[in-house]
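**Q** One structure coming up, written as structure tokens, with questions to follow.
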Amino acid sequence: MTGMDPATFAAVLCAAMAHAGWNALAKRALDPVLGVTLIVVLAGAIALPLLPVVGLPSMQSLPFVAASVALHFGYNLVLAEAYRTGGLGLVYPIARGAAPAVVAIAGAALFGEALAPTGVFGVAMIVAGVAGMSVRRPSDLLHADRRAVVFALATAGFIAAYTLVDGQGSRLSGNPHGYAVLLFVIDGAVTCAFLLMRRGAAALRVAPRTLPPALFGAGMQLAGYWIVIWAMASAPIALVAALRETSVLFAALLAVVMLREPLAPFRLVAAAVILGGALLIRLG
């Protein structure tokens, strides 16, 4: 596996858009903690009736599903705390930007999945560009909430871990679609149980105005990561992970168009660097 075909490339870009969308909803339209957990629970509910249609993955991949559920649970908790302490413009790019570098290094060390030079440069450019998108102006780095940065970096660690687990699990599954749907069903059930224990049955009685954005976010989360799992079954995990992080561009676009946030000139440079990295990944 040395590159990525056009169909997979386009699909992962669509997954990046979906990922930016549900994160924006979790931060802007919903309470940070309840928003993330509610989206995960609803994604599991949407996935459940799809399980008989796509079928189950192989027994060999089930330990990877279990490990991924545990990692996703930790990721959701840390992500919610990151959004509680920091803004979307700081948390999202840091969390997403550090993960591809970890995935590329760990993938080569653990699975012998070394990238071609163009792939290495492409991943590096995306990581650098995403880091550049993390603040509105460079001086913001000096005043960033340390707790938010720590939670964002911890989130990046969970992202890298579950990406590597799901990449290998999807390849062993013989059925990446079944692997993805089963993962969402179990993850939703575990998260729902945790929500009930932590906040009681009242946590599930959400306000009517909260349900539509949560359902929309759940659909985007399910579709986005389902695509990623399918893509990692045939394309290099590090390339898929890096290309997925072009989602920061779509998050920035949402902030400009929907929230009327200004787009600083240096962020345009960072966006160009990300696009250049994506192009290298495609050409590689």
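The values are calculated or read from the model by the stated rules, or taken from the named source; none is laboratory data. What you see is a predicted model, and the numbers here were worked out from it, not measured in a lab. Here Cβ is always computed from backbone atoms with ideal geometry, including for glycine, and neighbour counts include all displayed protein chains. Quick note on the areas: whole protein, heavy atoms, side chains included, nothing else; ligands and nucleic acids left out. Shrake-Rupley method; radii C 1.70, N 1.55, O 1.52, S 1.80 Å.
**Q** Touching a Lys or Arg at 6+ places or on another chain (Cβ under 8 Å), more than 21 Å from residue 52 (Cβ to Cβ) and in a helix (DSSP H, G or I): which single residue out of 228, 165 fits that description?
**A** Values: 165 fails: touching a Lys or Arg at 6+ places or on another chain (Cβ under 8 Å).
Checking each option against the conditions leaves just 228.
**Q** Continuing with the same structure: Of the residues 211, 196, which single one is touching a Leu at 6+ places or on another chain (Cβ under 8 Å), free of Cβ contacts under 8 Å to residues at least 60 places away in the same chain and more than 30 Å from residue 104 (Cα to Cα)?
**A** Working: 211 fails: touching a Leu at 6+ places or on another chain (Cβ under 8 Å).
One residue alone meets the criteria, 196.
**Q** Restricting to segment 93-119, give me the number of residues that are among the hydrophobic types (A, V, I, L, M, F, W, C), surrounded by fewer than 21 Cβ atoms within 10 Å (Cβ to Cβ) and assigned to a loop (DSSP other than H, G, I, E, B).
**A** Here the count works out to 2.
**Q** Of the residues that sit in segment 252-284 and are under 18 Å from residue 10 (Cα atoms) and modelled with pLDDT under 75, which one is most open to solvent (accessible area, probe 1.4 Å)?
**A** Checked segment 252-284; the qualifying residue most open to solvent (accessible area, probe 1.4 Å) is 283.
**Q** Please tell me if residue 172 is touching a residue at least 24 places away in the same chain (Cβ under 8 Å) and open to solvent by 40 Å² or more (accessible area, probe 1.4 Å). Full working, then the answer.
**A** Details: touching a residue at least 24 places away in the same chain (Cβ under 8 Å): yes; open to solvent by 40 Å² or more (accessible area, probe 1.4 Å): yes.
Against the criterion (touching a residue at least 24 places away in the same chain (Cβ under 8 Å) and open to solvent by 40 Å² or more (accessible area, probe 1.4 Å)), residue 172 qualifies.
**Q** Right, another one. Which condition does residue 214 not pass, out of (1) hydrophobic (A, V, I, L, M, F, W, C); (2) more than 22 Å from residue 57 (Cα to Cα); (3) surrounded by fewer than 17 Cβ atoms within 10 Å (Cβ to Cβ), if it passes all the others?
**A** Condition not satisfied by residue 214: (3).
**Q** State whether one or more residues within segment 64-72 are surrounded by fewer than 21 Cβ atoms within 10 Å (Cβ to Cβ), outside any helix (DSSP H, G or I), at pLDDT 95 or above and not charged (D, E, K, R).
**A** no
**Q** Out of everything in segment 1-57 that is more than 17 Å from residue 212 (Cα to Cα) and outside any helix (DSSP H, G or I), what residue ends up being modelled with the lowest pLDDT?
**A** Going through the qualifying residues, I end up with 1.
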